[in-house]
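The values are calculated or read from the model by the stated rules, or taken from the named source; none is laboratory data. As the structure is a prediction and not an experimental result, all values here were calculated from the model. Using ideal geometry, Cβ is built from the backbone for each residue, glycine included, and neighbour counts are taken over all protein chains shown.
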Amino acid sequence: MYSFNLTDAKILLSGLVCFAALCMVASAIYAINDIFDFEIDKAHSINKTRPIAAGLVSKRAAAVFALFLFSLGFSLIFFFSNALVLFFFALYAILNVAYSFKLKHFAIIDCFCIAAGFVMRIYIGGAVVGGAIDEIISEWLFLTITAVSLFLAFGKRRGEMLHVNGKGRKVLGGYNLDFLNGIIFSCAGVSIIFYALWAMTSVSAMIYTVPVVIFIVCKYLLNVHGASYGDPVTVIFNDKILVFSIFIFSLMSVIFLYSELNYEASLQL
């Protein structure tokens, strides 16, 4: 959407193929993570319902499933996309497998790995569009995604510290509540600042989406500091106001970006 290629059928199809491949690779990584977290998840008040922890799927079957998804996902990229997309896919997979094996046990490093995974996804999207990657992914967009991702990751750790019974994650022993409260507000603040700076350098009308973004961040913060487990998907989809606000933001973005693009194109005729 932000590359102004939403109406380009060829790029849109490439994006859908890449999206499907990324879903497969990400699902494979989740399966690997659940295999390694088998014992921990069984003692977790929420994760104990996951298929492997609940005994519904064997670790062997999960490993075969993960290998199948990896193979299918990378095959799609190899045959239907370009070398740069394949490169970022490989980095994404290596990072997340390393996270599942070891890095998730180190405080702060774990959240930065999660953030890096989200950043890698926007670079994959930029590589699908083609052209110089530094022109497609601006500095402010990179910083915005990094800050937002850290905001979500640290918010989840806070929720886990407060609301998860049982053994939970080993990494939680490396955190304390005061640090998490402080870093969450810091990341929330810089996320808004970085987004506002991106909006000011993008299409002029995008500046009017900044108040909506501030509202979304504030509402999310309120939910995280309530009785929330901290999982971003749960926090968002359990709040109708938050879902509606994100919809309004997305609608405004499409209208502002593409109405100005069409206006500029008409001036060139």
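The condition (being surrounded by 15 or more Cβ atoms within 10 Å (Cβ to Cβ) and either over 21 Å from residue 108 (Cβ atoms) or modelled with pLDDT of 95 or more (or both)) is satisfied by just one residue among 186, 204, 228: 228. Among the residues of the stretch 129-148, those that are modelled with pLDDT under 85 and in a helix (DSSP H, G or I) comprise 129, 133, 134, 135, 136. Residues in the stretch 42-90 that are surrounded by fewer than 18 Cβ atoms within 10 Å (Cβ to Cβ), modelled with pLDDT under 80 and of a type in the set (S, T, N, Q): 2 in all. Meeting the requirement of 1 or more residues that are basic (Lys, Arg) and not assigned by TED's automatic domain parsing to the domain that holds residue 119, the helices (runs of 4 or more DSSP H) wholly within the stretch 149-260 are 210-224. If we keep just the residues of the stretch 100-115 that are in a helix (DSSP H, G or I) and either in contact (Cβ under 8 Å) with a residue 60 or more places away in the chain or surrounded by fewer than 14 Cβ atoms within 10 Å (Cβ to Cβ) (or both), which is nearest to the chain's Cα centre (by Cα)? If we take residues in the stretch 100-115 being in a helix (DSSP H, G or I) and either in contact (Cβ under 8 Å) with a residue 60 or more places away in the chain or surrounded by fewer than 14 Cβ atoms within 10 Å (Cβ to Cβ) (or both), then 110 is nearest to the chain's Cα centre (by Cα).
Which members of the stretch 51-93 meet the condition of being closer than 17 Å to residue 36 by Cβ, part of a helix (DSSP H, G or I) and out of contact with any Phe, Trp or Tyr (no Cβ under 7 Å at 6 or more places or on another chain)? Of everything in the stretch 51-93, those that are closer than 17 Å to residue 36 by Cβ, part of a helix (DSSP H, G or I) and out of contact with any Phe, Trp or Tyr (no Cβ under 7 Å at 6 or more places or on another chain) turn out to be 60, 61, 62, 63, 64, 65, 66, 67, 69, 70, 93.
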